[in-house]
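**Student:** Take a look at this one; I'll ask things after.
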Amino acid sequence: MNKRVTIEMPEEIHALVAAEAARGGVAPDAYVLDLVVQKLEDLHDIALAEAALERIRSGESKVVSAEEFWRDLDD
């Protein structure tokens, strides 16, 4: 079930959103929804990268060279 969210934004930003949406052939609300989804995906990717970095720093995971990676695939 979809939920409705109302936001206020400066008129200049609304004009940019409307223009970009029109350029892409979509409605402004669909364009904003896509932006929100993209941002949430980016935040998720950042969280995964930070977790991986922490595992490397703690010694739980290690970094290998491309050469070592490919060599290990042959085994």
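**Student:** Would you pick out the residues in region 1-19 that are touching a helix residue (DSSP H, G or I) at 6+ places or on another chain (Cβ under 6 Å) and either farther than 16 Å from Val36 by Cβ or among the acidic types (Asp, Glu) (or both)? So that I can check it myself, show each step before the final result.
**Tutor:** Keep residues of region 1-19 that are touching a helix residue (DSSP H, G or I) at 6+ places or on another chain (Cβ under 6 Å), which gives 17-18.
Within region 1-19, just Ala18 meets the criteria.
**Student:** Could you please find all residues in region 15-61 being among the basic types (Lys, Arg) and farther than 22 Å from Lys3 by Cα? Full working, then the answer.
**Tutor:** Let us first name the residues in region 15-61 that are among the basic types (Lys, Arg), namely 23, 39, 55, 57.
Listed by number, the residues that qualify are Arg23, Arg55, Arg57.
**Student:** Hey, another quick one. Here are the criteria: (1) surrounded by 10 or more Cβ atoms within 10 Å (Cβ to Cβ); (2) assigned to a helix (DSSP H, G or I). Tell me which single one Leu73 does not satisfy.
**Tutor:** Of the numbered conditions (1) surrounded by 10 or more Cβ atoms within 10 Å (Cβ to Cβ); (2) assigned to a helix (DSSP H, G or I), the odd one out for Leu73 is (1).
**Student:** Test of understanding: among Ala52, Ala22, Ala30, which residue is in a helix (DSSP H, G or I), among the small types (Gly, Ala, Ser) and open to solvent by 60 Å² or more (accessible area, probe 1.4 Å)?
**Tutor:** None of the other options fit; the residue is Ala22.
The values are calculated or read from the model by the stated rules, or taken from the named source; none is laboratory data. Being a predicted model, the structure only gives us computed values, none of them experimental. Every residue, glycine among them, receives a Cβ derived from its backbone with ideal geometry; neighbour counts consider all protein chains shown. Note: accessible area is taken over every heavy atom of the protein model, side chains too, but ligands, DNA and RNA are not part of it. Shrake-Rupley method; radii C 1.70, N 1.55, O 1.52, S 1.80 Å.
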